[in-house]
């Protein structure tokens, strides 16, 4: 796919192969152009402002949100997504609740106070009864001071092999909290130390302002260090920073994200809402999930995400998703939240991480060259997804797709053994392969009775 950006010009952080502008459909003679917009289903994978259809206030839709930026913004409409780290708004009911009589409620602090008072009162009464019983028995009385002087029994057991506790012990020292400040805003997120001399892996949206601002990292032991922006890729939301004057730092190990299986246990570590070294656990809910989220400045990132139900929240961005051996298999990047008349809440059990194999490839490029490249087919596809598949709107001359014989009006429905439902799936699936790799596309051409298979060698 070509490197045209949404305005049709070449750009470093473009979405290869996708024209995100409202490109016209193929000619009216095409069978694909007879698609009736009134039957279009809402595309829940669009980020804020990209929805192809407006939603009513009574609908529940999913928005895919960045996790790390703490950006002060003006009030937004019900359709937009808030991304402030320090605020979790209440989740309102889908429909208005019936009118009820006022009820007496107890806030968090009063409730805790009542619990403490109750415990103290219970302790006093218990103490009196115990003392009375002791006095009436033949056993010698034991003073309170003697009881309090008893040695404390240590029942702690070593962490079991493969337990969350063991994973936390191994991984937490390799995870840092990140704060980026410039003249306009402060952004918080997380990162993983990938080299002993201080390279840290994180999200683009966490450190995007770090080129013109100050970056500070906080280690798990509470020590703080200045860091420098190295490079980032907005299209995939991957970035690298480097801790100044660092040496002999603990580093995270990498796992093989190609071996991830749905249902396997995982652990997420990061700094949600500024709470550093927070550990949550869950399972892999799905793999190869194309999700797109809006970035600042009108950019968007598209990842072929690992879906998890582990609790991740704003501030977890850039932190690791690890297997039960403590190896990084993904980098937490996005969450889904309910919208359409509801304020953004925290985790609803739909989080997404960038697979580690892909992250490693991009990070290596960012460190070595300062920019990221992605394998391309050399086609322009319809981002509005008017058909079941990826509709080809243009073919770049001399590109791998051109050499393979793809034409305008073709619909790509499969890449190797992976089904292609829309343009984002084709883009994400293409990026997940290596440069120069040969892939097999299933293509439906206009007027053809059945699909054909086309072998394409991705660009180097």
From the list 458, 426, 415, which residue is surrounded by 21 or more Cβ atoms within 10 Å (Cβ to Cβ), over 25 Å from the mean Cα position of the chain (by Cα) and under 27 Å from residue 356 (Cβ atoms)? 458
Check every one of the strands (runs of 3 or more DSSP E) wholly within segment 238-333 and list those with 3 or more residues that are crowded, with 23+ Cβ neighbours inside 10 Å and in contact with a helix residue (DSSP H, G or I) (Cβ under 6 Å, 6 or more places away or on another chain). 238-243
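Let's see how each residue does on (1) modelled with pLDDT under 95; (2) more than 24 Å from residue 166 (Cα to Cα); (3) under 13 Å from the mean Cα position of the chain (by Cα):
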| position | (1), (2), (3) |
| --- | --- |
| 292 | yes, yes, yes |
| 302 | yes, yes, yes |
| 310 | no, no, yes |
| 324 | no, no, no |
Does residue 415 count as modelled with pLDDT under 95 and closer than 20 Å to residue 291 by Cα? no
Restricting attention to segment 347-369, does a residue exist that is surrounded by fewer than 24 Cβ atoms within 10 Å (Cβ to Cβ), assigned by TED's automatic domain parsing to the domain that holds residue 450 and at positive phi? no
Yes or no: residue 171 buried (at least 24 other Cβ atoms within 10 Å of the Cβ), outside the structural domain of residue 316 (by TED's automatic domain parsing) and more than 21 Å from residue 293 (Cβ to Cβ)? yes
Of all the residues that make up segment 177-217, how many are over 24 Å from residue 300 (Cα atoms), under 21 Å from the mean Cα position of the chain (by Cα) and free of Cβ contacts under 8 Å to residues at least 60 places away in the same chain? 2
Scanning segment 373-389 for residues that are touching a strand residue (DSSP E or B) at 6+ places or on another chain (Cβ under 6 Å) and over 20 Å from residue 236 (Cα atoms), the one surrounded by the most Cβ atoms within 10 Å (Cβ to Cβ) turns out to be 389
Tell me which residues, restricted to segment 199-220, are part of a loop (DSSP other than H, G, I, E, B) and at pLDDT below 95. 212, 213
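The values are calculated or read from the model by the stated rules, or taken from the named source; none is laboratory data. Only a predicted model underlies this, so the values are computations on that prediction, with no experimental measurement involved. Every residue, glycine among them, receives a Cβ derived from its backbone with ideal geometry; neighbour counts consider all protein chains shown.
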